[in-house]
Structures are given as C-alpha cells and as structure tokens.
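Quick notes on the structure that follows.
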C-alpha cells in the first residue's frame, strides 16, 4: 500500500471544502454532536421528569443499609450490609455462574462437536439427537424443567440421601435444599501445600518448554503432559503429608430444619448451570463441527500419511486450524451464556438481576439508575470477554510465510 | 423479562415524555373514558381474573368504585396486572392512574418513591404458613428453616428483621413472581412460606393439598394495605381517598347495594349528604353530586365488598377482625361527608 502511494504524482493542493478527509471529519463531528445533544436532552429531560415525580435521581442509596438477606453469597453479607454490598454479591454470583458455565459448556461443546463427526454411527447419532433436541427448546423452559427435575424427586432434609465417605462416616447429604458437603478448614501449614503446588506448576511449565525444544531439535517427543500432571498432583500431595495433613473437614450435622456446618450447593445454582451448560454446549458443538469441517480434507489425509495417529491428527493438525474459524462465534456463545444467566430470576438464584435489579430496585425505587448500572455491568463483562477472545485470536493467528 | 421491559419503558417515558403528566389525572381519565388500575396479577380475594376472565377481588372492586365515581360506569376500568417489583415504577411513570395492589403503606414508599397512600382498605400483618406434619406451633420454632418469600416486598425486609431480632437463622429463597414462590414451597424447597396473612389464606387454596398446611399464629408486622397514587395531584388523591371513605360511611349508615335506591328517600341527613340528595359535595373534587351513590350502586359498601371477596361469602373465609368498623371492634373509620 505505502509503496504504491510513493509512486503516485504529488497531489495538487485542493480547497478544504472539497477535501474528502476534511469533509469526513466535519460530517462525523456533526453526527457526534447531534448524538451528544440527543443524549444530553434525553438525560436532562429524564432527570427533570423524575424530580417532578419525586423519583430519586442519584446514587445516595448505595451506602444505605439494605435490610434484606441473600441466601448465597461469596463475600460476607447480611441484612445490615449496604445496597452497594448487595450489588457486589449479585455481581460475583453472576460471574461465578458465567465462569463455571463457560468452562463446562466449552468442554462439552467440543466433545459433542467432535462426536458429531465421529465415524461411529451410534456416537454421531447420539450427538445429533442431543444437539437438535436441546438447541430447539427455549432456555427458560429448560431451566424450569431442570429446577423441577432436581427438586421434585429429592427427599426432604430429614430423609436426606447420605453419601458415605471413605471411613464409612456420612460424607455428604443430598436433599431438596441442595447438596451439603463438608467444609474444608485449612490449617496454618496448608500454605506449604499451596507453595508446593506453585512450585510444581513452575516446574511443569519449565519441563514443557524443555520438551518442546527437544522435539524441535531432535524430533523426539517427551511425555511432558504426563510428567506435568504427576508433578502438579504429586508434589502438593507429598507436601500435604509432610506437613501433617493440615486440612480438616467440618462435617455438616442435621440440627432442626437444616444442616449446620459444612458447605451447601444450592439446587437453584445446579439447575441454572445445568440449563445454561447443556443449552450453550449445543451451539458450541455446531460451531466446533463447522470449524472442523472447514479444514480441508487434504490436511488430515496428509497428516495420516505422515504417520500421525487419529488423535494426533485432530489435536495437532485439524483443531489448531479449526480454532481460527471457531473462535469468533465461540465468543458470541460465551457472551450469550453470560447474558442468559439473567434468567436466574425465574428459578430464584440470586444473580445480579435478581438481587440488584430486583430487590434493591424495588426497595429504593431508583429504577433508572439501577437498570443503567446493570446494563453497564453486562456491557463491561461482554467487552472484557470479547477483548480476551480477540487477544487469544491474535495469539493463534496464522503466521503467513 | 417483563419487569425489565416496564423499567425500560418507564425510563423511555421519563426520558422522552413531556413533563407535568402527573397533574390532571381526573381530566386524563375522563378524556380516555377508562381508569387504568394497577392490579395484582393473581391473588385470590384481592385481584384475580375468575374463570370467565372477569377481574374479582377487594382491590378490583375498589378500582370499580373509583370508575363508578368518576365515569359513572364501574366497567370502565382497564386492569393492568403488575408484579410486586413493577408496581411502583408503573405508577410513577403514569402507566396506571391508581395502584390498588395490596401494597403496604410505608414511609419510604411515600417519601422516597413519590407516592401517596390514599387509604387503608385492608389492615393486614405478615405471617407464616408451614406444613402440619412439621409440628411447628410458633414462628419462634423456625430457627434454621428455609423460607420462601417474594422479592421486592416489605415481607422480605420484615422477615430479615424478625429473625435478626429473635437471634434466629434462616435461609430466604427469593423469587420475583409469587407463583414461583408457591411452587417452590409446594415442592418442599422451603419449610415455610411467608407473606401477608390474607395472602397466605389466598395462596393456600392454590396448593396441591390445602389441608396439609397451617398458618402460624404470630403476626410479625403491621401491613396496612391500600390504594396509592402519585404525589402532586391533590384532587385525584382526594377522589381515591373519599371513594374508600364513602364505602365505609355507607356501611356505617346501613346503605347497601340493594337498598341504595330506597335510601335516596331517607330522612337521615348523613345519608342524604352521602348520596348527594342534599348539598353538592362531589363538585369540589370535580365529580357529580351523586358520586357516592354510583359507588354503592356499583360495588356496595365496604362490608359487602369485604364479605364478597375475602369474608364469609368467599373461599377465603377471613374474619373481619381489625377490618371491622370502629363501632364494631375494628379500626375501619372514615371522616364524615359534610
């Protein structure tokens, strides 16, 4: 491009009125100005209207005591906390669902996507049936189905299904209040185990780079995956026993209506995750299938001819090339999953919309501010996800030679 | 989704709508030819469509009474079902003219939300419903229980207060829609269901086996329920308030739907003033002088509306209690028409 510009004769000086660059700036400036005026007009009109109707127009409520409880929080929260704290509780609950959902939906989607192309007739048909049936049922119905499917058959607290532990002592309890697990209590020496885990990760990464170097230079493949796994599991395990098992479990005990002690996984959370993961995975599976099919057949034939195994062909030749097709629509699915998590409202999981755009909105009455903040939060989450995915795309982009 | 769309619609109205829409509600209603009444989406006894699609309930009758007073036709009401969460936004943004949706009168709702509660058409309190087989006789035995509650209600806040002040723990399971709350309670997700006592009776009917459930004796809060209007339109506020007072006064004076025409010939000056035979009390509110006659002709007096919707004449069979007239041991009391 720049090379061609040099070849052109020098441009004659023209009046700015006819200069397309100047005109472009002027037009765009006018558009921005018009938009600005429109937004300013709408905002000031809204504020005037709200003040005329005695609707709060500021964020004074943020530091006031909320007065309501939330049954699932990742940070300390009680009825004496502020509305601002309730916002953070809701946001973290949303992020938790989004993170777990994206992780498992991706894994399941990849497995099903590959399975749809499997030469095994049954595997391919099962995958097709799964994708076609769940993809075409509205997510809300699926969520309600899972919520009731989980709750209905489970017994009450007093008749909990007991899951025995290794020592024969009851380990966990399953009932219609959720899954009650022992809560791990970390001793002071547990830091040693964490340090060992960190060290193992570093060692594994170092070995992986070393193995890659060896493979490049000699073509010999070292079992870096297995070695890394052994390190990451083995070293902390040794440290754990060396430190005298600094981890104790706080077992749940049935007291009155509910279990006290232990940690609890809410049925609402499980239902929401099941619904989101199973639904989103169908779309990811289709994206993965399309991505794999976009890689020319000659590529896998050539790889097979080189003597790679079926798994290696998929892992080393097909998927890396397919990823370039898969990543952009995959990003959309991640965003969809995060946004769809707002359906939590219908099954009583306290996510951002339920807590903040629900209870807080209703108690404070600051509808416009709260909806604006909620929309902004989803916008930021989506933009950050997109940013991370485009960064990943740049990492994996084809290097043209 | 609907809640959010209402909030966004309200935002759009606020952003692009003209100012001063709150003044002159009476003129707007007359011009439109119908009253927009914010109603419960389905609460037996207060606001629920029956099997023929006709809205019934104490709050519904209240809106019909306002329509009768203003438009001389109790059928000219458009009922807009609202969830607990949407209701105040809908009233603030002018989507409804009056909100008769078993809402609790509180300070913050008047001072912070810019509303005015015109009257109390049902004195209620919050209670708990549990399964009989739990053998719980008092709310104080509910330590550690899971409790289903509807979001965005005073109930949610009272619940937190009650357990905190009694040093008890609980798990609140919160849903936006009351039907989801009931469903969760019915599938045993919760040990107890809490809301206003009148509503507990109303919702119990919807359970699979109503007889297996019992309402605990404790009433943990004051819940004066009544119709609300926007601030800034005193005339409209008066109309809504006096609609309720007219119904109370009619009961006190023995004027019923059946005998109201005969009572036009009554010699009692109080009845003559109420029904507009003497004086012209409607004029000050922008109404005709027989406004109260139309109310009673359409829905009857307060006692009749009570018995028909929530009392002995209904499935709920709730006793008058606090809602009896002041002269009969209750606290329903109305200023006189004069």
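Every number in this text was worked out from the coordinates using simple rules, so none of it is lab data. This is a predicted model, so every value here is computed, not measured. Ideal geometry is used to build each Cβ from the backbone, glycine not excepted, and the neighbour counts take in all protein chains shown.
Counting beta carbons within 10 Å around each of B:129, B:247, A:389 and listing the fewest first gives the order A:389, B:129, B:247. Taking 7 Å steps out from each Cα toward its Cβ at residue A:166 and residue B:208 produces label points 4.0 nm apart.
Mean partner shielding of peptide A:32-44, defined as the number of other chain Cβ atoms within 10 Å of each residue Cβ, is 1. The calculated pair-distance distribution of segment A:186-245 uses every alpha carbon pair, bins of 10 angstrom beginning at 0, and gives 25, 39, 22, 11, 3 percent. When restricted to Cα atoms, segment A:1-145 yields an Rg and a Dmax of 28.7, 75 Å, respectively. Its residue count N fixes a reference of 2.2 N^0.38 Å for segment B:232-338, and the Cα radius of gyration divided by that reference is 1.08.
Considering only Cα atoms, the convex hull volume of segment B:67-171 works out to 146 Å³ per residue. Residues within the reach of a label modelled at residue B:327 (point 7 angstrom out along Cα to beta-carbon, backbone nitrogen below 12 Å), restricted to segment B:248-275, are B:249-255, B:270-271.
Peptide B:229-236 has a mean shielding of 1, counted as Cβ atoms of other protein chains within 10 Å of each residue's Cβ.
Label zone of residue A:270 (point 7 Å out along Cα→Cβ, amide N under 16 Å): in segment A:334-349 this covers A:348-349.
Please work out whether chain A counts as rounded, prolate or oblate from its C-alpha gyration tensor, where a ≥ b ≥ c are the square roots of the eigenvalues and a/c under 1.5 means rounded, while otherwise a/b larger than b/c means prolate and anything else oblate? Oblate, because a/c is 1.5 or more while a/b does not exceed b/c.
The simple spin-label model puts a point 7 Å past each Cα toward its Cβ; for residue A:96 and residue A:140 those points are separated by 2.5 nm. Between B:320, B:87, B:101, the GNM of chain B built on Cα springs shorter than 10 angstrom shows B:320 fluctuating the most. Extension gain, residue B:267-residue B:107: 0.36 nm per intervening residue step, less the Cα-Cα distance, totals 53.4 nm.
Going by neighbour counts of Cβ atoms within 10 Å, the residues A:342, A:94, A:65 line up, fewest first, as A:65, A:342, A:94.
Principal axis analysis of the Cα atoms in segment B:126-221 yields extents of 33, 29, 22 Å, listed in decreasing size.
Considering only C-alpha atoms, what is the centroid distance from segment A:352-401 to segment A:48-109, in Å? If you average the Cα positions of each part, the centres end up 13 Å apart. Relative to its residue count, chain B spans a Cα convex hull of 138 Å³ per residue.
Under a Gaussian network description of chain A, with springs only between Cα atoms under 10 Å, the residue in A:237, A:376, A:46 that fluctuates furthest is A:237.
The angle separating the long axis of helix B:2-16 from the principal Cα axis of greatest extent in chain B is about 50 degrees. Exposure proxy shown here: for B:307, A:217, B:95, the number of other Cβ atoms within 10 Å sets the order, fewest to most, as A:217, B:307, B:95. Seen against the Cα atoms of chain B and their longest principal axis, helix B:234-252 is set at about 90 degrees. Spatial offset of segment A:226-278 relative to segment B:195-269 amounts to 54 Å, using the alpha carbon center of each. Short-range pairs are left out: with C-alpha atoms under 8 Å and at least six residues apart, the relative contact order of segment A:219-378 is 17 percent.
For the protein assembly as shown, the alpha-carbon coordinates run over 117, 90, 51 Å along the three principal axes, in decreasing order. A simple spin-label model places pseudo-atoms 7 Å from Cα toward Cβ; at residue A:48 and residue A:186 they are separated by 5.6 nm.
Residues of segment A:253-270 falling in the label zone of residue A:149, defined by backbone nitrogen less than 19 Å from a point 7 Å along Cα to beta-carbon, are A:266-270.
Rounded to 0.05, the FRET efficiency of the residue A:59 and residue B:277 pair, given R0 = 56 Å and the Cβ-Cβ distance, is 0.50. Taking the centroid of alpha carbons for each part, segment A:179-195 and segment B:35-114 are 54 Å apart.
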